[in-house]
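Data block below; observations after.
The values are calculated or read from the model by the stated rules, or taken from the named source; none is laboratory data. Being a predicted model, the structure only gives us computed values, none of them experimental. Note that we place each Cβ from the backbone using ideal geometry, even for glycine, and neighbour counts take in every protein chain shown.
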Amino acid sequence: MSNTTYTISELAKEFDVTTRAIRLYEESGLVSPKRDGSKRIYQERDRVRLQLILRGKRIGFTLAQVKEMFDLYDSKPVEGEKKQIVYLLEIMEQRLEVLKLQREELELAVVDIESVCERAKETLAELEKLSK
């Protein structure tokens, strides 16, 4: 990893999040910047973790689930990584099932809405004929 450091505002700008969100991730134990007085100094490891946190949130992970994966990885490099991958697979498969169900529900909703729109257009056309 590089020796590059980042300020909280640099990371907030890079990832388009608020500094408050990054502080929340720090309070949750997901990132751990060094301190220089009241100034937070983030390392490349924190930057990568922030990227993983945001990716996890997009996928639908809770912060607790992200933390559990980080903790598994940090426990023992190889053993932790195996456990992390197994845990990741379990969560991803569960999330995939939820998303598939939501997709089916959305597809049904689209069909219903298209049907209502078509009937509304037909009714409008009939009403226009009657008013002439």
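Details
- When we screen Ile85, Ile113 for residues that are surrounded by 10 or more Cβ atoms within 10 Å (Cβ to Cβ) and under 30 Å from Asp71 (Cβ atoms), the only hit is Ile85.
- Residues being surrounded by fewer than 19 Cβ atoms within 10 Å (Cβ to Cβ), within 14 Å of the chain's Cα centre (by Cα) and either among the β-branched types (Val, Ile, Thr) or on the phi < 0 side of the Ramachandran plot (or both) - total across segment 56-75: 8
- Against the test of being modelled with pLDDT of 95 or more, surrounded by fewer than 16 Cβ atoms within 10 Å (Cβ to Cβ) and under 26 Å from Leu72 (Cβ atoms), the options Leu11, Leu24 yield a single qualifying residue, Leu24.
- Residue pairs whose Cβ atoms lie under 7 Å apart, separated by 6 or more positions or on different chains, with the first residue in segment 1-22 and farther than 14 Å from Pro33 by Cβ and free of Cβ contacts under 8 Å to residues at least 12 places away in the same chain and the second of a type outside the set (Ser, Thr, Tyr) and surrounded by 11 or more Cβ atoms within 10 Å (Cβ to Cβ), are Thr18/Ala12.
- Qualifying positions in segment 27-46 - in contact with a Ser or Thr (Cβ under 7 Å, 6 or more places away or on another chain) and either over 12 Å from Glu10 (Cβ atoms) or of a type in the set (Val, Ile, Thr) (or both): Ile41, Gln43, Glu44
Conditions tested, residue by residue: (1) free of Cβ contacts under 8 Å to residues at least 12 places away in the same chain; (2) part of a helix (DSSP H, G or I); (3) touching a helix residue (DSSP H, G or I) at 6+ places or on another chain (Cβ under 6 Å).
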{"site": "Lys67", "(1), (2), (3)": "no, yes, no"}
{"site": "Val78", "(1), (2), (3)": "yes, yes, no"}
{"site": "Leu96", "(1), (2), (3)": "yes, yes, no"}
{"site": "Glu105", "(1), (2), (3)": "yes, yes, no"}
{"site": "Ile113", "(1), (2), (3)": "yes, yes, no"}
{"site": "Cys117", "(1), (2), (3)": "yes, yes, no"}
{"site": "Thr123", "(1), (2), (3)": "yes, yes, no"}
{"site": "Glu128", "(1), (2), (3)": "yes, yes, no"}
{"site": "Lys132", "(1), (2), (3)": "yes, no, no"}
